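Okay, structure first, notes after.
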Amino acid sequence: MYGDGRVTTGEEGSGRGRLVGRRVLLVVSGGIAAYKAAELVRRFRGEGAEVRVVATAGALRFVGAATFQALSGNRVRHDLWDEEAEAAMGHIELARWAEVVVAAPASAHLLARLAHGLADDLPTTLVLATEAPLLLVPAMNRVMWAHPATRANVALLRARGAVVLEPEEGEQACGESGPGRLPETPIVVGAVLSLLRPGSGKDALPAVLAGRRVVVTAGPTREPLDAVRYIGNRSSGRMGYAVARAARRAGAEVVLVSGPVALDSPAGVRAIRVETALEMREAALAAARGADLFVAVAAVADYRPARRETGKPAKDPKGALLALVPNPDVVAEVARLDPRPFVVGFAAETGDLEEHCRSKLERKGLDMIAGNLVGPDRGFDTEENALHVFWRGGEARLGPAPKDELARRLVALVARRLAGEEGS
Ligand code: PMT
């Protein structure tokens, strides 16, 4: 629609057999949620994966090795010094065998040991020795999850490229209520699928935004003069759609607030189509509440006609004067939310890129801004682009490159900054 707030959700493939032949190493650490790891083993195998389970000593106090053994079809490993098991498949061999390492539940203690590179038991040694992507699925008491030590450990692990899912909110085994529950099995399976997706290897985009809620605005806005005419701009939506796609590929749950463009909604992204700046403001603010990241790629009209004529007024041979009123600044309003997401703006400039970007960064209260030079054949409505990204105390140049590639690099950069902010 444009204007009627239509919401669409792109469908991604689901169903059995999505992990056929894939090798999943599941690390189970000590916590009441260890019993849910048994269901994970069942689901991974149901999807066709080969699963090997490594348990900490604490985990085996909650669930017996026999349970994991029966479900995985493989002997459960827990002891670095088990000669018989080492003779069958040594721990280094096991670390190489894994295509993905999933730690679920990941206790506060396991996160701390991994963040500091300890290798004092089999699970931590395997994580240090593997080159496979690492998915951490924390579950713990809500106060432990909120503790600055845990926050710093999570930030450090994310900054190093590990994917750390956000625990779910709800009743906890300890009788308290809050964030700390193990995410539902389909969310964990989805994160594993996105880590193993072709093209999501180390040289592509790892699932650095798994568990994050991201809002992207894209395209132009149209400000109606009357029933058929409008003020608009040349944004095609390509850059914003590429950012939404890249965020989705990085594992995020993505809402795309789009002005009128001729592009299909990216798969797996919730797209909200709007027409005017005021509609974009309403949809963006609603979606940004509770989001982790907001990326404003849209070319929002700075002004709208002071009045909208009805019908299609006839031409006046004497000419016409147009009165304009300023539109609200959508990204600046998002940056004023409390709590607020990490906010990334874009800036379309025709000169003095750095000066204008740094001034917009401050004026709009952004965390980061991606500047691009625009003109008749650059920036707007092109396949390629180049970005100069600024934040307080740093900058990075991305491209020139196709917009999909630029978006991928921008998402990787933002994910690192986002993790860094949370750790500071
Ligand atoms: O869509 P494409 O054809 O692929 O082109 C991509 C692009 C050139 C549109 C894109 O890369 C880009 O530069 N987008 C931002 C365009 C813009 O409006 O820049 P600005 O400098 O006027 O605005 C700065 C920031 O404030 C932007 O994040 C913008 O979304 C935001 N803004 C601006 C005005 C307003 N009323 N509300 C806003 O939120």
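The values are calculated or read from the model by the stated rules, or taken from the named source; none is laboratory data. Note that the structure is predicted; figures quoted are calculated from it, not measured. Here Cβ is always computed from backbone atoms with ideal geometry, including for glycine, and neighbour counts include all displayed protein chains. When the accessible area is computed, the model is the full protein with side chains, heavy atoms only, and any ligands, DNA or RNA have been set aside. Shrake-Rupley method; radii C 1.70, N 1.55, O 1.52, S 1.80 Å.
What the table shows:
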item: Among the candidates Arg61, Arg52, Arg113, residue that is basic (Lys, Arg), touching a Gly at 6+ places or on another chain (Cβ under 7 Å) and not in a loop (DSSP other than H, G, I, E, B); result: Arg61
item: Boolean, Val255 is modelled with pLDDT of 95 or more, open to solvent by less than 10 Å² (accessible area, probe 1.4 Å) and more than 10 Å from the ligand (Cβ to nearest atom); result: no
item: Failed condition for Thr310, given (1) in a loop (DSSP other than H, G, I, E, B); (2) within 18 Å of the chain's Cα centre (by Cα); (3) not acidic (Asp, Glu); result: (2)
item: Options Arg197, Arg96: the member that is open to solvent by 70 Å² or more (accessible area, probe 1.4 Å), modelled with pLDDT under 95 and within 22 Å of the chain's Cα centre (by Cα); result: Arg197
item: Top-ranked residue of the range 300-314 - restricted to ones that are within 16 Å of the ligand (Cβ to nearest atom) and either in contact (Cβ under 8 Å) with a residue 40 or more places away in the chain or of a type in the set (Phe, Trp, Tyr) (or both), ranked as surrounded by the most Cβ atoms within 10 Å (Cβ to Cβ); result: Val300
item: Failed condition for Ala87, given (1) touching a residue at least 40 places away in the same chain (Cβ under 8 Å); (2) over 17 Å from Leu25 (Cα atoms); result: (1)
item: Which listed residue, of Ala119, Ala87, is hydrophobic (A, V, I, L, M, F, W, C), assigned to a helix (DSSP H, G or I) and either open to solvent by 20 Å² or more (accessible area, probe 1.4 Å) or in contact with a Leu (Cβ under 6 Å, 6 or more places away or on another chain) (or both); result: Ala87
item: Output for the range 235-252, where each listed residue is more than 11 Å from the chain's Cα centre (by Cα) and either outside the structural domain of Glu275 (by TED's automatic domain parsing) or open to solvent by less than 10 Å² (accessible area, probe 1.4 Å) (or both); result: Gly237, Gly240, Tyr241, Ala242
item: Pairs with Cβ under 6 Å, 6+ apart, first in the range 277-299 and in a helix (DSSP H, G or I), second more than 13 Å from the ligand (Cβ to nearest atom) and aliphatic (A, V, I, L, M); result: Ala283/Ile272; Ala287/Val255
item: Extreme residue, farthest from the ligand (Cβ to nearest atom), among residues of the range 215-234 that are open to solvent by 20 Å² or more (accessible area, probe 1.4 Å) and small (Gly, Ala, Ser); result: Ala227
item: Residue in the range 258-267 that is nearest to the chain's Cα centre (by Cα), counting only those that are away from the ligand (no atom under 13 Å from the Cβ) and open to solvent by 20 Å² or more (accessible area, probe 1.4 Å); result: Ala267
item: Strands (runs of 3 or more DSSP E) contained in the range 127-233 and holding at least 1 residues of a type in the set (Val, Ile, Thr); result: 134-138, 213-218
item: Residue pairs meeting the criteria (Cβ under 7 Å; at least 6 apart or on separate chains; first farther than 14 Å from Asn233 by Cβ and among the hydroxyl-bearing types (Ser, Thr, Tyr), in the range 368-387; second in a loop (DSSP other than H, G, I, E, B) and near the ligand (Cβ under 7 Å from one of its atoms)); result: none
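Conditions tested, residue by residue: (1) open to solvent by 40 Å² or more (accessible area, probe 1.4 Å); (2) of a type outside the set (A, V, I, L, M); (3) more than 24 Å from the chain's Cα centre (by Cα); (4) modelled with pLDDT of 90 or more.
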{"residue": "Leu373", "(1), (2), (3), (4)": "yes, no, yes, yes"}
{"residue": "Leu398", "(1), (2), (3), (4)": "no, no, no, yes"}
{"residue": "Leu410", "(1), (2), (3), (4)": "no, no, no, yes"}
{"residue": "Val414", "(1), (2), (3), (4)": "no, no, no, yes"}
{"residue": "Arg417", "(1), (2), (3), (4)": "yes, yes, no, no"}
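Yes or no, residue by residue, for (1) in the same structural domain as Thr56 (by TED's automatic domain parsing); (2) at pLDDT below 95; (3) not basic (Lys, Arg):
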site	(1), (2), (3)
Ala106	yes, no, yes
Leu110	yes, no, yes
Ala132	yes, yes, yes
Arg142	yes, yes, no
Ala149	yes, no, yes
